[in-house]
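To start, the structure under review is shown below, and the notes come after it.
The values are calculated or read from the model by the stated rules, or taken from the named source; none is laboratory data. This one's a predicted model, so the numbers in the text were calculated from it and none came from an experiment. Counting neighbours? That spans all protein chains shown, and the Cβs are built from the backbone with ideal geometry, glycine included. The protein model used for the area step is the full one, side chains on, heavy atoms only, and it has no ligands, DNA or RNA in it. Shrake-Rupley method; radii C 1.70, N 1.55, O 1.52, S 1.80 Å.
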Amino acid sequence: MIATILNRLIQMAFVMFGISVLVFLIFFATPGSDPAARIAGRNAAPETVAQIRHDFGFDRPLPVQYALLMKRLFITRDLTSFVNRGQQVIPQVIDAVPATLSLVTGAAILWVLGGIGVGLAAAAMRDTWVDRSLMILALIGISMPVFWLGEVMNLLSQSRFHDTWLFSWVPGLGYVPLTEDPAGWAKALVIPWLTLAVLYIGIYARILRANVIEAYSEDFIRTARAKGLSERRVLIRHAFRTSLLPFVTMFGLDFGALVGGAALLTEVVFGINGVGRLTFQALQNLDLPVILATVMYASFFVVAANAIVDLLYAAIDPRMRT
Amino acid sequence: MTEPLLDIRNLSVSFATESGPVTAVQDVSLSVAQGEIVSVVGESGSGKSLSLLSVLGLHDPRNTTVGGTVTFRGQSLLDLPPKQMRHLRGRDIAFISQDPMTALTPVYSIGDQIAEQIRAHERITAWAAQARAVQLLADVGIFAPADTAKRYPHQLSGGMRQRAVIAMAVSCNPALLIADEPTTALDTTVQAQVLDLLRKLRTDYGSAIVLITHDMGVVAEMADKVVVMYAGRVVESGPAAEVFTNPLHPYTWGLLGSIPPLTGTRPRRLPSIPGAPPMVGRVPAGCAFAPRCPARLGVCSTEPPRIGTPGHTALCHLTDSQRATARPTTLESA
Ligand SMILES: Nc1ncnc2c1ncn2[C@@H]1O[C@H](COP(=O)(O)OP(=O)(O)OP(=O)(O)O)[C@@H](O)[C@H]1O
Ligand SMILES: [Mg+2]
């Protein structure tokens, strides 16, 4: 087991290295463009450009440039944004991480519980009206754009019904750090959590239902019934347990991507200064150092989430253990 | 005569399909006495599994309707509330599924799966259930049973899995064991071992066994009573000795012709019954076997009568004299 984990970590390091090289090449070695000018941003003074060229070593060979960049990203952490007048990049990313993590983790808990609940209920009552209505609801959840749903929620909770008992507890938009005010943190995030989770509850419930129903046609389900187990036990311990793999795979991908910045729309709608929003602003200003840092950060989460999923595989399915 | 352990009367099973209901099993009757081995034989698709699965309520209730009466120890099974049916399954009537390769849940160890069944029916600690599981594995002839109990289904060979499935089935000392082709997926030596094991179960635990198979060789070796099924109906049933010495139905003749002789020169080819059984829902009117029957008569397009003696019956139009002339010729031509 320890060997597997170590193996996985080394593999992860290699993947991360590969991604960093790729990102570096895309940003700094694209032929026909001057990276120094791009880092400096629009309308930069020639002295700034010259300064950057020297700082990043753009007059030296590519491997040196790469090493210098990685050093500034990970060791000295003094990569600065020129578009934003010398603001340090890494602290910006580090500040944005708790907001994104809070948003995505809370939503993830909701959507895993919701997806399992709805999916299992629909599978257990398949082909009844309960199943059909749940699946229609899930489909509606999937097809609602998150920014639209977010705006509607804001409209309802921030203005239209804000003064009624229903939404009077909702604080203004924005993120409240957990360490400062746990209750405020939760209150500020409840609606963003729900908004972000709705789509995924729909997707996960539908996929889980399909997988469980497929599992029901397996011989071992008949064996489980023939053993005299209760219907609930057959559903949870046999059908659900054996349909977990696709569920976990998807979860790894989605969670990694969202923490990596894919929760952008939710963050923007609810004014949460997370990684997605940071990336979005950096893209608007063509703030290359910030983009670079967020891309590296995002890739780290995607890779890490997948590594964890791989480890979970072995825990879930003995056939995956080697 | 004492009351039979299991008594199936006029069982019918039909499916709701897009093109209306189709009947897959019709008018099946059979009874199993305490400690008896009854063999149900027939070609693939003749409704063997379906009949016995529906007895246990293991069919899909959403598209399957079951008719007739099934009595187990004087208790009617078909209208039993689900909860009571559950207590019966695994404890009083155990079922061994057709394919050992897929019959076990892949994510739990063998020991856990056996213990799960024991704990579904008895108040017993997890530890004691595991110990019992190991003992059961030893009883069915698995070497290193403690080790095997910790293994997962995919780590066992087919023969081992079949033994594990049997160990699980007998874990609560069922009065009746329904074994659906327990040997089909296994090679011949393992087959013989598994059959020995089933016989031993009967002597050790006194369980009655319904043995589903399409291999007349297995029937000859094991059965006290034989039920021959064709296209969802019982075409012949009776004590094994009588069915083997005096088969009434031409389909049974064909099945008997397919056993390789134990002595003498082996024929170059085993005779087989020409043609294929009808599809469910496309069973011809009258005798379903008529299109393939070597002794077919004009009357065979009408519903055949049940003939024979009370213990040994068949569903056939042939009279005794017609049978006496028809049988030798079909054997020669085969
Ligand atoms: N859900 C279903 N819907 C429609 N037809 C079905 C369904 N399940 C089984 N059948 C049909 O019922 C018939 C009887 O099947 P059954 O499994 O009892 O055959 P069998 O005698 O056990 O054959 P085998 O030796 O191959 O196991 C088959 O022709 C099968 O196609
Ligand atoms: Mg079968």
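Looking only at the stretch B:118-127, which residues are more than 19 Å from residue B:174 (Cα to Cα) and either in contact with a Pro (Cβ under 7 Å, 6 or more places away or on another chain) or not in a loop (DSSP other than H, G, I, E, B) (or both)? B:126, B:127, listed by residue number.
Looking only at the stretch A:132-171, residues that are charged (D, E, K, R) and in contact (Cβ under 8 Å) with a residue 40 or more places away in the chain come to 1 in all. When restricted to residues that are surrounded by 22 or more Cβ atoms within 10 Å (Cβ to Cβ), over 22 Å from residue A:321 (Cβ atoms) and away from chain A (no Cβ under 11 Å), the stretch B:115-133 contains 0. Looking at B:46, B:51, B:39, just one residue is buried (at least 23 other Cβ atoms within 10 Å of the Cβ), hydroxyl-bearing (Ser, Thr, Tyr), farther than 21 Å from residue B:85 by Cβ and within 8 Å of ligand 1 (Cβ to nearest atom), and that residue is B:46. Considering only residues in the stretch B:176-194 that are within 16 Å of ligand 2 (Cβ to nearest atom) and among the β-branched types (Val, Ile, Thr), the one that is nearest to the other protein chains (Cβ to nearest Cβ) turns out to be B:178.
Within the stretch B:183-215, the set of residues being more than 12 Å from ligand 1 (Cβ to nearest atom), within 24 Å of residue B:157 (Cα to Cα) and in a loop (DSSP other than H, G, I, E, B) comprises B:183, B:186, B:187. If you filter the stretch B:90-104 down to residues that are more than 16 Å from ligand 2 (Cβ to nearest atom) and surrounded by 24 or more Cβ atoms within 10 Å (Cβ to Cβ), you find that the one that is farthest from the chain's Cα centre (by Cα) is B:104. State whether the residues of the stretch B:129-136 include one that is away from ligand 1 (no atom under 16 Å from the Cβ), outside any helix (DSSP H, G or I), modelled with pLDDT under 95 and more than 19 Å from the chain's Cα centre (by Cα). No, because not a single residue in the stretch B:129-136 is away from ligand 1 (no atom under 16 Å from the Cβ), outside any helix (DSSP H, G or I), modelled with pLDDT under 95 and more than 19 Å from the chain's Cα centre (by Cα). Scoring residue B:172 on the criteria (1) touching a strand residue (DSSP E or B) at 6+ places or on another chain (Cβ under 8 Å); (2) open to solvent by less than 10 Å² (accessible area, probe 1.4 Å); (3) more than 16 Å from ligand 1 (Cβ to nearest atom) leaves a single failure, condition (2). Residues in the stretch A:285-307 that are within 12 Å of residue A:257 (Cβ to Cβ), of a type outside the set (A, V, I, L, M) and open to solvent by less than 20 Å² (accessible area, probe 1.4 Å): 1 in all.
A residue that is β-branched (Val, Ile, Thr), surrounded by 14 or more Cβ atoms within 10 Å (Cβ to Cβ) and assigned to a helix (DSSP H, G or I) can be found somewhere in the stretch A:114-124. Of the residues making up the stretch B:39-63, those that are in contact with a helix residue (DSSP H, G or I) (Cβ under 7 Å, 6 or more places away or on another chain), within 16 Å of ligand 2 (Cβ to nearest atom) and within 14 Å of chain A (Cβ to nearest Cβ) are B:56, B:58, B:59. Among the residues of the stretch A:125-141, the one identified as open to solvent by less than 40 Å² (accessible area, probe 1.4 Å) and of a type in the set (Asp, Glu) is A:131. Being within 12 Å of ligand 1 (Cβ to nearest atom) and open to solvent by less than 30 Å² (accessible area, probe 1.4 Å) is a property that residue B:57 lacks.
Taken residue by residue, the stretch B:216-231 has no member that is over 23 Å from residue B:7 (Cα atoms), within 16 Å of ligand 2 (Cβ to nearest atom) and in a loop (DSSP other than H, G, I, E, B).
For the stretch A:283-322, a tally of residues being away from chain B (no Cβ under 14 Å), in contact (Cβ under 8 Å) with a residue 24 or more places away in the chain and either in a helix (DSSP H, G or I) or at positive phi (or both) returns 26. Residues that are assigned to a loop (DSSP other than H, G, I, E, B), open to solvent by 40 Å² or more (accessible area, probe 1.4 Å) and within 14 Å of chain A (Cβ to nearest Cβ) within the stretch B:64-84 comprise just one, B:81. From B:102, B:69, grab the single residue that is hydroxyl-bearing (Ser, Thr, Tyr) and closer than 27 Å to residue B:21 by Cβ. Checking each option against the conditions leaves just B:69.
Looking only at the stretch A:239-270, which residues are polar (S, T, N, Q) and within 14 Å of another protein chain (Cβ to nearest Cβ)? Those that are polar (S, T, N, Q) and within 14 Å of another protein chain (Cβ to nearest Cβ): A:242, A:243. Criterion applied to B:237, B:207 was being of a type in the set (Gly, Ala, Ser) and open to solvent by 20 Å² or more (accessible area, probe 1.4 Å), and the one residue passing it is B:237.
Taking the stretch A:249-263 as the range and being in a helix (DSSP H, G or I) and crowded, with 17+ Cβ neighbours inside 10 Å as the test, the residues that pass are A:250, A:251, A:252, A:254, A:255, A:256, A:258, A:259, A:260, A:261, A:262. Residue pairs whose Cβ atoms lie under 8 Å apart, separated by 6 or more positions or on different chains, with the first residue in the stretch A:87-98 and of a type in the set (Val, Ile, Thr) and the second surrounded by fewer than 16 Cβ atoms within 10 Å (Cβ to Cβ), are A:90/A:77; A:90/A:78. Tell me the residue from A:76, A:105 that is farther than 23 Å from residue A:274 by Cβ and hydroxyl-bearing (Ser, Thr, Tyr), please. A:76 is the lone residue from the list that is farther than 23 Å from residue A:274 by Cβ and hydroxyl-bearing (Ser, Thr, Tyr). Number of residues in the stretch B:2-16 that are touching a Gly at 6+ places or on another chain (Cβ under 8 Å) and open to solvent by 60 Å² or more (accessible area, probe 1.4 Å) equals 3. Of B:99, B:139, B:147, all but one fail to be in contact (Cβ under 8 Å) with a residue 24 or more places away in the chain and away from chain A (no Cβ under 14 Å); the exception is B:139.
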